[in-house]
Every structure is written in C-alpha cells, then in structure tokens.
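Below is one structure, written out as structure tokens; comments come after it.
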Amino acid sequence: MSMYRMFAYIERDLIRWGRSPLNIIATLAMPAAWLIFVGLIMPVKYDNYLDFVTPGVLILTMMTAGLAAGSSIMFDKTLGYLNKFLALPAPRESILAGKIIFITVRGLLQTTVILVIAILIGATVQSFICYLEIYLVLFLFGVMMSALGSTVALYLNDHDTYAAFQGMVSMPLYFASTALIPYDQMPEALKIVSTLNPLTYAIDAIRDLAAGEVPLMEIGVLFLLTVAILLICAYKFRKVTIQ
C-alpha cells in the first residue's frame, strides 16, 4: 500500500470537512452538552461524578465520529465518487485506510475539545503519559468504529437506511455501557449486557488508566475486536464492484 496515495485520500476528506464549519460545531455540540448537563447538573450522589462521566463522553464522541465513516462512504457511493476511486490504479486498501485514518484522527481532534472542556469545568488533570495512553485507547476504539461504520455502509444502499442504523446502534450501546452508571448500581440484566458491550471495555480502560492501573484485558478485547472488524471491512471493500 503506497502511503502517499493514502494521504491523498486523507487530504481530500480533510478539505471537504474544513468546508463545513457548521458540521464541525454540530458534531461537538451533543457530547459537550452531555458533559455539562450530565457531569455537572444531574443530582447524582457520586464522588466527583464529572471524572466518572468524562471517559463515557469521550467514547461517545469517538463513536459518533467513527460511525460517520459510513456516512462518508455512503456519500461517495451515491454521488459516484467511489466508482471513480475504485477505477483508479491505486490499491483499494489505500482508499479504505485513508478513510479510516482520517475519520479516526478527526475523532481524536473532537475528543481533545471535549477533554479541554472537561478540564475547564473541573475534571481532574492527569499526567502527560496518562493522556497519551488514553489517546491510544481512543485511537483503537476510533479505528474499530470507523471500520464498523464503513462495513455496514458498504452493505447498504442509501443514506436513510444508514442513518436508521446509526440511531439504532449508537444510543442503545451508550446507555447499555458503564458510561453513566457503575457496575455496582446496575440491574443484573443490564450488567450482563454491559459486559458484552465494546463501549464498556473502552470506557473502563480509560477509567483504569486515570486511576493509574494497566487495563490489559480491556485493551486486549478492543484490539481483537478492531482486528476482526478491519479484516471483514477490508474483505468487503475488495469485493465492491464498479457500477
């Protein structure tokens, strides 16, 4: 895979993103609102609830950004750009890698804004090394969600269906994780669902890192899921035919 070809696709998506400042603000509005209203205003009896809820809001931001990869693929499909890209001599892996890396880096920029807001309103400041480790978890999770969104978009045919998929998946996954409620306060049924939820592993990994622990099991699960979804996504992308 030629790196300069991959960066050409990243540059193309970056320019398109920069031309929509309202879209940039809109993608940050929801997680920022979650952080402020849930972290500060909700009457929750929990020691420093803002520190507890911030990892969940970071993962929510990354999930929303990652699933947007599917919208981008759908945009290229319906407007015919994907056919033109596939007809080029560049390896298909360059197109897919460029798309996933751009979406993931964009998500990291968005989570940085949310992290700054969290610190400004009272979240505990961590060490530089801790933030690097947190960004590693966010990157891994972002790649996984970008690959998932891209794979689903390759199977679907229109924006409306993909938007329905996003709505059906994102909020249920969020509420069925440890984003807002710790394990010991969950009903038994929700606790079982939460242990099967990849968001839980990403959120718990960030909380463990902030507490000075090494979440090997959580990161291992995220890594295996990311590799599996990437392989499925790459396989499906190679099978896409030019129409």
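The values are calculated or read from the model by the stated rules, or taken from the named source; none is laboratory data. Just so you know, these numbers come straight off a predicted model, no measurement behind them. Heads up: the accessible areas ignore ligands, DNA and RNA and are worked out on the full protein's heavy atoms, side chains in. Shrake-Rupley method; radii C 1.70, N 1.55, O 1.52, S 1.80 Å.
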(request) Just tell me, in residue order, which DSSP H segments of the chain are both 18 angstrom or longer along the helix axis (alpha-carbon based) and at least 0.0 in mean Kyte-Doolittle hydropathy. (result) 21-36, 49-78, 92-120, 128-155, 159-175, 198-210, 216-239
(request) Rank these by accessible area, largest first, 1.4 Å probe: D76, D204, D160. (result) D160, D204, D76
(message) Rolling a 1.4 angstrom probe over the protein chains, ignoring ligands and nucleic acids, what is the accessible area of M168 in square angstrom, nearest 10?
(response) 130 Å²
(request) Send over a whole-number figure in Å² for the accessible area per residue of the chain, probe 1.4 Å. (result) 50 Å²
(request) Taking all protein chains together and a probe of 1.4 Å, list R238, R106 from the most accessible to the least accessible. (result) R238, R106
(request) Could you check how much of the accessible area of the stretch 127-243 is carbon and sulfur, as a whole percent, using a 1.4 Å probe? (result) 72 percent
(message) Output needed: percent of Cα pairs per 5 Å distance bin for the stretch 89-130, bins running from 0 to the one holding the longest distance.
(response) 5, 19, 15, 17, 12, 9, 9, 6, 4, 2, 0
(message) What figure, in Å² to the nearest 10, do you get for the accessible area of F37 with a 1.4 Å probe and non-protein molecules left out?
(response) 120 Å²
(message) Assuming a strict under-23 Å limit between Cα atoms, what lysine pair count do you get for the chain once near-sequence pairs (fewer than 8 apart, same chain) are dropped?
(response) 9
(request) For the stretch 141-243, restrict the atom set to alpha-carbon positions and state the Rg and Dmax in Å. (result) 15.9, 53
(request) Let me have the 222 nm mean residue ellipticity of the chain computed from DSSP H runs of 4+ only, each contributing -39500 (n - 2.57), with the sum over all residues rounded to the nearest 500. (result) -26500 deg cm²/dmol
(message) Eigenvalues of the Cα gyration tensor times 5, then square-rooted: what semi-axes does that give for the stretch 1-159, in whole angstrom, largest first?
(response) 33, 16, 13
(message) For the full complex of protein chains and a 1.4 angstrom probe, list Y162, Y155 by accessible area with the highest value first.
(response) Y155, Y162
